[in-house]
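**Q** Just passing along the structure, written as structure tokens.
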Amino acid sequence: MPAKIITFSIQKGGSSKTTTSGIVSYLLSQDYRVLSVDLDPQGNLTELLTLRDVEEFRGMTVLEAMEEQDASGYICKISDTLHLLPAEDLLATFSRWLYNDYSGQEPALVLAQTLATVRDNYDYIIIDTAPALGDQTINALAASDYVVAMFEASKFCYSALGRFLKTCDEVRKLVNPDLRVAGILRGLIDARRSDNKVLIELVEEDYGDICFETVLTRNAAAGRVAIKGLFDNNEINVAVSQYKPFVEELMERVKD
Ligand SMILES: Nc1ncnc2c1ncn2[C@@H]1O[C@H](COP(=O)(O)OP(=O)(O)OP(=O)(O)O)[C@@H](O)[C@H]1O
Ligand SMILES: [Mg+2]
């Protein structure tokens with residue numbers, strides 16, 4: 001079976017997209033073969049998974065893979081079962097390449113074609129996106145079977161959510177009829193703030209049928225994964241504990 005492709009996304013910045021896609025990739029890689037795709041020029045997922053300076057990956061990233069429409073030469077092995085297609089700053093030039101030099105059919109399908117070359121080697125492909133609805137994110141949605149909409153409890157993220165789901169509808173209509181919303185993941189919750197509670201409930205009222213039951217609260221150990229990484233991290237069990245019930249829910253929702 002070819003890999004199931006799952007994108008973690010929302011155009012609002014700082015919504016735990018990278019931390020969640022990194023931890024989910026790590027947890028899934030304990031039982032499955034996983035490819036993590038960093039589709040954000042910030043390269044945060046690359047940094048989180050490798051603890052290396054992203055500039056070291058220049059010329060060996062998802063950008064070059066997309067330019068060749070073949071990922072196979074650009075995969076970095078984090079462990080036997082966790083692989084990474086890295087990103088660094090020059091991924092910001094993707095749109096320029098797409099509209100000046102790409103001569104294929106549909107600009108939104110470049111990533112899908114790129115991943116097709118390696119899809120049979122994995123059980124799951126997890127894509128982390130940039131905080132924008134630009135070409136990279138549209139390509140991620142166009143390549144995916146499922147999308148997890150990330151919600152952090154802020155007014156701006158609440159406003160973004162409806163528009164993000166409409167964007168998913170557009171992508172479904174135009175280029176990827178198979179795209180399904182796996183759900184909305186509510187995270188980065190500060191249990192002491194009543195305004196956080198109000199926003200969480202508002203999302204429940206508006207989108208209750210698609211919200212994941214698991215709601216992730218802010219947790220210092222999870223925040224420190226950016227510093228300590230996922231391997232050789234003495235607090236990794238605390239850092240990932242909240243994510244395990246989420247991964248179980250996710251697996252249930254993406255099993256067909
Ligand atoms: N569960 C968590 N508990 C505490 N801190 C967290 C948690 N998840 C993420 N963080 C912290 O919150 C900040 C934003 O997280 P992250 O970088 O994962 O978000 P993002 O949506 O990928 O951001 P961007 O939009 O810039 O890509 C980071 O400093 C991260 O370490
Ligand atoms: Mg990020």
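The values are calculated or read from the model by the stated rules, or taken from the named source; none is laboratory data. Predicted, not measured: the structure shown is a model, and the values here were computed from it. Because the Cβ atoms are built from the backbone with ideal geometry, glycine has one as well, and the counts that use them run over all protein chains shown.
**Q** Kindly indicate whether ARG172 is modelled with pLDDT of 95 or more, assigned to a helix (DSSP H, G or I) and closer than 23 Å to LYS255 by Cα.
**A** yes
**Q** Something else: Answer yes or no: is there a residue in region 10-24 that is out of contact with any helix residue (DSSP H, G or I) (no Cβ under 7 Å at 6 or more places or on another chain), more than 10 Å from ligand 1 (Cβ to nearest atom) and at pLDDT 95 or above.
**A** Scanning region 10-24 turns up no residue that is out of contact with any helix residue (DSSP H, G or I) (no Cβ under 7 Å at 6 or more places or on another chain), more than 10 Å from ligand 1 (Cβ to nearest atom) and at pLDDT 95 or above.
**Q** Oh, and also: Any idea which of (1) within 13 Å of ligand 1 (Cβ to nearest atom); (2) closer than 19 Å to ILE6 by Cα; (3) touching a Phe, Trp or Tyr at 6+ places or on another chain (Cβ under 8 Å) is the one TYR243 doesn't satisfy?
**A** (3)
**Q** While we're looking at this one, here's another question. With the structure loaded, tell me whether ILE125 is more than 22 Å from ARG253 (Cβ to Cβ) and crowded, with 18+ Cβ neighbours inside 10 Å or whether it fails that test.
**A** Taking the combined requirement at face value, the residue does not satisfy it.
**Q** Might you check whether a residue that is touching a strand residue (DSSP E or B) at 6+ places or on another chain (Cβ under 8 Å), crowded, with 18+ Cβ neighbours inside 10 Å and among the aromatic types (Phe, Trp, Tyr) occurs anywhere in region 86-97?
**A** Looking through region 86-97, none of the residues is touching a strand residue (DSSP E or B) at 6+ places or on another chain (Cβ under 8 Å), crowded, with 18+ Cβ neighbours inside 10 Å and among the aromatic types (Phe, Trp, Tyr).
**Q** Which residues, taken from region 136-183, are among the acidic types (Asp, Glu) and within 24 Å of LEU199 (Cα to Cα)?
**A** Across region 136-183, the qualifying residues are GLU152, ASP169.
**Q** Continuing with this model, one more query. Which of the residues that make up region 1-43 are over 11 Å from TYR124 (Cβ atoms) and of a type in the set (Lys, Arg)?
**A** If the condition is that a residue be over 11 Å from TYR124 (Cβ atoms) and of a type in the set (Lys, Arg), then LYS12, LYS17 are the ones that fit.
**Q** Okay, moving on. Only one of these conditions is not met by LEU48: (1) surrounded by fewer than 24 Cβ atoms within 10 Å (Cβ to Cβ); (2) within 12 Å of ligand 2 (Cβ to nearest atom). Which number is it?
**A** It is condition (1) that LEU48 fails.
**Q** Give the residues of region 175-191 that are under 19 Å from GLN242 (Cα atoms) and either touching a residue at least 60 places away in the same chain (Cβ under 8 Å) or in a helix (DSSP H, G or I) (or both), sorted by residue number.
**A** ALA182, GLY183, LEU185, GLY187, LEU188
**Q** Can you find even one residue in region 212-229 that is within 14 Å of THR19 (Cα to Cα) and aromatic (Phe, Trp, Tyr)?
**A** no
**Q** Considering only region 212-224, state which residues are touching a residue at least 24 places away in the same chain (Cβ under 8 Å), of a type outside the set (Val, Ile, Thr) and surrounded by 13 or more Cβ atoms within 10 Å (Cβ to Cβ).
**A** PHE212, LEU216, ARG218, ALA222, GLY223
**Q** Any idea which of (1) within 22 Å of ALA239 (Cα to Cα); (2) within 16 Å of ligand 2 (Cβ to nearest atom) is the one ASP31 doesn't satisfy?
**A** (2)
**Q** Scan region 192-211 for residues that are free of Cβ contacts under 8 Å to residues at least 40 places away in the same chain and crowded, with 17+ Cβ neighbours inside 10 Å and report the count.
**A** 1
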